[in-house]
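Peer 1: Okay, handing you the structure first.
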Amino acid sequence: MTNSINEVEDADLFFVTGTNTTAQHPLIGSRMINAVERGAKLILVDPREIQLAKFAHLHLRQNIGTDVAVLNGIMNIIIEEDLYDRDFVENRTEGFQELKAVVSRYSPNVVEQISGIRSKDLIEAARMFAAADKAMILYAMGITQHVTGTDNVKSCANLAMLTGNIGRPSTGVNPLRGQNNVQGACDMGALPVVYTGYQKVVDAAIKDKFEDAWGIEGLDDKPGLTITSMMSEAQKGSLKALYIMGENPMMSDPDSTHIELALSNLDLLIVQDIFLSETASLADIVLPAASFAEKSGTYTNTERRVQLSHKAVDPPGQARADWEIVQDICRLCGYPMNYKSPADILDEINRVTPSYAGITLERIEKEFGLQWPCPNQEHPGTAYLHKDQFTKGLGTFLPCEFKPLAEVPDQEYDFILTTGRVYFQYHTGTMTRRISLLEREAPEAVVEINPEDAKRLGIKTNDRVELSSRRGTIRLKAEVTDRVPKKVVFSTFHYIESPVNLLTNPAHDPVAGIPEYKGCAVRIRRCA
Amino acid sequence: MKKTSAICPFCGCGCNFYLVSEDDRVTGVEPSPNNPVNKGMLCTKGWNSYEFIHSPDRLTTPLVRKNGKLTVSTWDEALGIVSARLKEIMAQHGPSALAFLSSAKVSNEENYIFQKMARAVFKTNNVDHCARL
Ligand code: SF4
């Protein structure tokens, strides 16, 4: 997030797209509802009638995968009606003419054709947005899990800059991170192109710095493989060994049949986890890890706040903390490490990572964490980014053209399947499905289908249905509801009994590598 | 009864709570009243997050595949195989034949040491995590 969770309550307007906030980020959802009850406006752009729709002043239900067109359409109206922030555009940005040229092609009528949103609603949304003093854009996977994910994100940033809604409290472009340490994993360089704090692996000076810090030579200066390419290289046979710590790609990745083929083709698969997950069951070696309650360490939340978590109990049996296991393997492979505790590792992180330099153990123990960037011990941390200037100086508008879903419905596969989560479960279910109360509330996968479609296909709530795509077939229970629009079905990926990622399309965004979970073509029928 | 300050293991809000434990068992959680993130509140997932910690399904020993079956093993054996095989594959096929998947569910320190292993020990940038998924 460019801004902070605490600022949510002071915003004048929320533009919420591709996040089912009350289910996935309940504590942010409830802050947003408080603000709306106090008088803030809420524009929801989401194909589904999620819980927030009840609180929305305007709910735009776009056709799936048409976000760029919708955002361009809104910007076009704001420019045409001269409602944009001239000061901000002139002083802090570049590329306005290019933006104007692209978005001018998205008149309300054109956008209605593409997205199904009525011109009148689009115009109202644009005016409402432009009228707000402090508008906060919030999004999650509904924006990023598309082949055009990067374009969707850029378009959100364009809208914020055009209206001067960045670099001030209660504004900004705010992606909500789905897992408790996604932000931290990225910050720590668990990415193929960067070391910690987004320092690039291709930069020779950065490479030198890390060679010095780590006392070695010959660091790789080329970008590595993303998870998606790891799977395809494994299937081709050029990737021989994969070491997975705490993830379950068999359940979380698209097109599971191919993932299984890829993983089985490896010479060596090492999985380190707290449970024998679907992925761990395929491993050659399984290493038992400690859970969050059995170790200390820091986690970085979606607002960039680095917080400390302490050890409460010992791990079960012989399980050990992930860092201890990794340290042992490094030693056995001829690279001794001498960390006595996570605190020693944080110390090294402080030294090699400019944005984390001031986030020391002593400080976060005293306060409730610190938000990066925090470049030195005296720095108070950063509640919101881009205050007086952008990292690069001026903010560049990056206009994008609308592109359709990678797999559009046809006669054979005539529905769009979109996926997500439910309130009571989390991710691949390895943890939440072992919590009795949560499991009682949401014990099995359900596919949502619109009443009109259901009637035509003779499907009733609780019927077993068969859902198929070009990649596979699953069976699950139907729920007939107008939460989903016509010709769209929705389901979740928490359940091994109905693994929805057998169906999803691995086609992915060329820059971010994120697969298009939010739309693939399927067919649905009642089980005989 | 002991109270230990911890961070919820689920979504990216990062709510802060106290794990309440007796002997070596976590028996509940209490939200942190002053934390700026959750100000004394939690969602249902947070309130129940401690339950999986003591699940009977937890892995408690290393497992090694023998004759096609995952078999109970020791740390010495498992880590011996892991390090020998990784070194062997690197020597035979080069660093690009190895890849490392880190996790959006473990700590910063663990992500750091994991990518350091990939880069410093095995000389590859083939390191990623499942955040996008
Ligand atoms: S308590 Fe709920 S809202 Fe808070 S971090 Fe956990 S899952 Fe997220």
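Peer 1: Pick from segment A:8-25 the residues that are surrounded by 23 or more Cβ atoms within 10 Å (Cβ to Cβ) and part of a helix (DSSP H, G or I): which of them is nearest to the other protein chains (Cβ to nearest Cβ)?
Peer 2: A:GLN24
Peer 1: Let me spell it out: the conditions are (1) surrounded by 21 or more Cβ atoms within 10 Å (Cβ to Cβ); (2) at pLDDT 95 or above, and A:GLU112 meets all of them except one. Which number is the exception?
Peer 2: It fails just one condition, (1).
Peer 1: Would you check which residues across segment B:11-40 are within 8 Å of the ligand (Cβ to nearest atom) and closer than 22 Å to A:ASN3 by Cβ and list them?
Peer 2: B:CYS11, B:GLY12, B:CYS13, B:GLY14, B:CYS15, B:VAL37, B:ASN38
Peer 1: If a residue counts only when it is at the interface with chain B (Cβ under 7 Å from one of its Cβ atoms) and under 20 Å from A:ALA185 (Cβ atoms), which strands (runs of 3 or more DSSP E) contained entirely in segment A:272-321 have at least 2 such residues?
Peer 2: Working: elements: A:285-288, A:297-300, A:305-309.
Passing ranges, in order: A:297-300, A:305-309.
Peer 1: Name the single residue, out of those in segment B:42-62 being hydroxyl-bearing (Ser, Thr, Tyr) and crowded, with 19+ Cβ neighbours inside 10 Å, that is farthest from the ligand (Cβ to nearest atom).
Peer 2: Applying the first criterion (hydroxyl-bearing (Ser, Thr, Tyr)) to segment B:42-62 yields B:44, B:49-50, B:55, B:60-61.
Imposing the further condition that a residue be crowded, with 19+ Cβ neighbours inside 10 Å reduces the set to B:49-50.
Working: B:SER49: 6, B:TYR50: 12 Å.
Only one residue tops the list, namely B:TYR50.
Peer 1: Of the conditions (1) within 10 Å of another protein chain (Cβ to nearest Cβ); (2) hydrophobic (A, V, I, L, M, F, W, C); (3) in contact (Cβ under 8 Å) with a residue 12 or more places away in the chain; (4) in a loop (DSSP other than H, G, I, E, B), A:CYS374 clears all except one; give me its number.
Peer 2: All conditions are met except number (1).
Peer 1: Shifting gears a bit: For segment A:115-146, enumerate the residues that are crowded, with 22+ Cβ neighbours inside 10 Å and outside any helix (DSSP H, G or I).
Peer 2: A:ILE117, A:ALA135, A:MET136, A:ILE137, A:LEU138, A:TYR139, A:ALA140, A:GLN145, A:HIS146, listed by residue number.
Peer 1: Quick check on my filter: what residues within segment A:15-36 are more than 26 Å from A:LEU122 (Cβ to Cβ) and more than 11 Å from the ligand (Cβ to nearest atom)?
Peer 2: Scanning segment A:15-36 gives a single hit, A:ASN34.
Peer 1: Within segment A:248-265, which residues are assigned to a loop (DSSP other than H, G, I, E, B) and crowded, with 22+ Cβ neighbours inside 10 Å? Write out each step before concluding.
Peer 2: First pass over segment A:248-265, keeping only residues assigned to a loop (DSSP other than H, G, I, E, B): A:248, A:253-255, A:265.
Those that are assigned to a loop (DSSP other than H, G, I, E, B) and crowded, with 22+ Cβ neighbours inside 10 Å: A:ASN248, A:ASP253, A:PRO254, A:ASP255.
Peer 1: In segment A:232-276, how many are over 22 Å from A:GLY178 (Cα atoms) and polar (S, T, N, Q)?
Peer 2: 6
Peer 1: So, one more: Among the residues of segment A:179-222, which ones are of a type outside the set (A, V, I, L, M, F, W, C) and over 22 Å from the mean Cα position of the chain (by Cα)? If you could, list the steps in order and put the result at the bottom.
Peer 2: Start the filter on segment A:179-222 by keeping residues that are of a type outside the set (A, V, I, L, M, F, W, C), which leaves A:179-181, A:183-184, A:187, A:189, A:192, A:195-200, A:203, A:207-209, A:211-212, A:215, A:217-218, A:220-222.
Scanning segment A:179-222 gives A:ASP203, A:LYS207, A:ASP208, A:LYS209, A:GLU211, A:ASP212, A:GLY215, A:GLU217, A:GLY218, A:ASP220, A:ASP221, A:LYS222.
The values are calculated or read from the model by the stated rules, or taken from the named source; none is laboratory data. The structure presented is a predicted model; accordingly, all values stated were derived computationally and were not measured. Backbone-built Cβ (ideal geometry, glycine too); neighbour counts: all protein chains shown.
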